[in-house]
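Quick notes on the structure that follows.
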Amino acid sequence: MPSRTLKRVEQDGFITRTLYAEVPPRVEYTLTPLGHSFLEPMQQLVAWADTHHRTIVAARLRHQAAQRQA
């Protein structure tokens, strides 16, 4: 699954992939300018999720409890 994800973000232009003809083979991934431009919004999303994690978990637990009672 990680290789599929890497291929997809490469396809979308977020990373570049460089394969080195070495033994053993080595692959290097680098963020493109588009990938770098996504860092700030992603950091904001992670900060939001961190701030609201407990609220989300509590809501999930309430929902699961309600589903078990139904």
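Nothing in this text is a laboratory measurement; each read-out follows from the coordinates by a stated rule. Being a predicted model, the structure only gives us computed values, none of them experimental. Cβ atoms come from the backbone with ideal geometry, glycine included; neighbour counts cover every protein chain shown.
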Give me the tail of P(r) for the chain as a percent: Cα-Cα pairs with distance above 21 Å. 55 percent
Leading residue at positive end of dipole, the chain (Cβ point charges), from Val9, Ala47, Pro25: Ala47
Only Lys, Arg (+1) and Asp, Glu (-1) charged, at Cβ; the chain dipole about Cα centre in debye: 520 debye
